[in-house]
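As structure tokens, the structure follows; a few thoughts come after it.
The values are calculated or read from the model by the stated rules, or taken from the named source; none is laboratory data. Predicted model only: the values in this text are computed from it and were never measured. Backbone-built Cβ (ideal geometry, glycine too); neighbour counts: all protein chains shown.
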Amino acid sequence: MPRMNLQGASAIITGGASGIGEASARQLAALGARVVIADLNEALGQQVASELGGLFVRCDVSSEDDGAAAVAAASEMGPLRALVNSAGIGSAGRTVDRNNDPAPQKNFDLVIRINLLGSFNMLRQSAAAMAKTEPVDADGSRGAIVNMASVAAFDGQIGQAAYSASKGGIVGMTLPIARDLAAVGVRVNTIAPGLIDTPIYGTGEASEAFKANLGQSVLFPKRLGSGEELAFMVVELITNPYMNAQTIRVDGGIRMPPK
């Protein structure tokens, strides 16, 4: 069975304006997909979309209406065959702080809303659109979804309760959703990135020194991963017709310490 052909199909990449999402959008566009960059960053999102001949849709992934708009825009450009759920946020804070006060519940709720509920919102709406398309092969394949978790789902550090819970939820829903969507020929996989060099670390000399030090904790190679390296796995999971229901760590072998 050949790889899934994305020529003339559409793909939605949430968080596609930068980092892992942008790298994924670039590689999918190179394979012939018409990409929808679904992001809140209008300036960067428009720039990436225009460079790739795609479309920018301003999208809060936790909004039902925004998700529907992204799916509609993609479906107009071609049959929707791929979703990359790359949008997410982090929020550090101990469960009980140094003054023995409890963490604000709203901080935990926000991370769950964007990372976990937002991923499911985009997934369910995209999968429904994929289900309505014609199959692309004898197996009845209609599309593929890649969720973005984190090694924090398994090795959550001090202060990462909300982030780890949100990413653990993504890992936990991968198999049951893959089982749900088998009936309509849509595959679902999850990537758990390790330490990846994204805009979150800032720029400049101090930032580079910090990242170099951080990279020493990676087994091999001793550096942060790149968005491009993560996107290699995104493309593999989308185009390899036999990859389904998996969570794959892409982390250089790191196992995160408590702090």
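Pairs are defined by a Cβ separation below 8 Å, a sequence spacing of at least 6 or placement on different chains, a first member in region 106-129 that is modelled with pLDDT of 95 or more, and a second member that is acidic (Asp, Glu); the pairs so defined are 118/60; 121/64; 125/64. In region 183-200, the qualifying residues are those that are part of a helix (DSSP H, G or I) and in contact (Cβ under 8 Å) with a residue 12 or more places away in the chain, and the one that is surrounded by the fewest Cβ atoms within 10 Å (Cβ to Cβ) is 200.
Put simply, of 252, 215 the only residue that is without any contact (Cβ under 8 Å) to a residue 40 or more places away in the chain and either within 27 Å of residue 179 (Cβ to Cβ) or crowded, with 17+ Cβ neighbours inside 10 Å (or both) is 215. Count of region 100-155 residues, restricted to those that are in a strand (DSSP E or B) and buried (at least 21 other Cβ atoms within 10 Å of the Cβ), is 6.
This table checks each residue for (1) in a strand (DSSP E or B); (2) in contact with a Gly (Cβ under 6 Å, 6 or more places away or on another chain).
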{"residue": "158", "(1), (2)": "no, no"}
{"residue": "180", "(1), (2)": "no, no"}
{"residue": "210", "(1), (2)": "no, no"}
{"residue": "214", "(1), (2)": "no, no"}
{"residue": "223", "(1), (2)": "no, yes"}
{"residue": "236", "(1), (2)": "no, no"}
{"residue": "248", "(1), (2)": "yes, no"}
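Candidates are the residues of region 22-48 that are in contact with a helix residue (DSSP H, G or I) (Cβ under 8 Å, 6 or more places away or on another chain), among the small types (Gly, Ala, Ser) and more than 16 Å from residue 63 (Cβ to Cβ); the one that is surrounded by the fewest Cβ atoms within 10 Å (Cβ to Cβ) is 23. When the strands (runs of 3 or more DSSP E) confined to region 1-90 are screened for residues that are closer than 26 Å to residue 140 by Cα, those reaching at least 2 such residues are found at 10-14, 34-39, 80-85. Just one of (1) under 25 Å from residue 158 (Cβ atoms); (2) touching a Pro at 6+ places or on another chain (Cβ under 6 Å) fails for residue 102. It is (2). Any chance region 250-259 includes a residue that's basic (Lys, Arg) and modelled with pLDDT under 95? Yes: region 250-259 contains one or more residues that are basic (Lys, Arg) and modelled with pLDDT under 95. Is there a residue in region 58-76 that is without any contact (Cβ under 8 Å) to a residue 60 or more places away in the chain, among the hydroxyl-bearing types (Ser, Thr, Tyr) and out of contact with any Lys or Arg (no Cβ under 6 Å at 6 or more places or on another chain)? Yes, region 58-76 contains a residue that is without any contact (Cβ under 8 Å) to a residue 60 or more places away in the chain, among the hydroxyl-bearing types (Ser, Thr, Tyr) and out of contact with any Lys or Arg (no Cβ under 6 Å at 6 or more places or on another chain).
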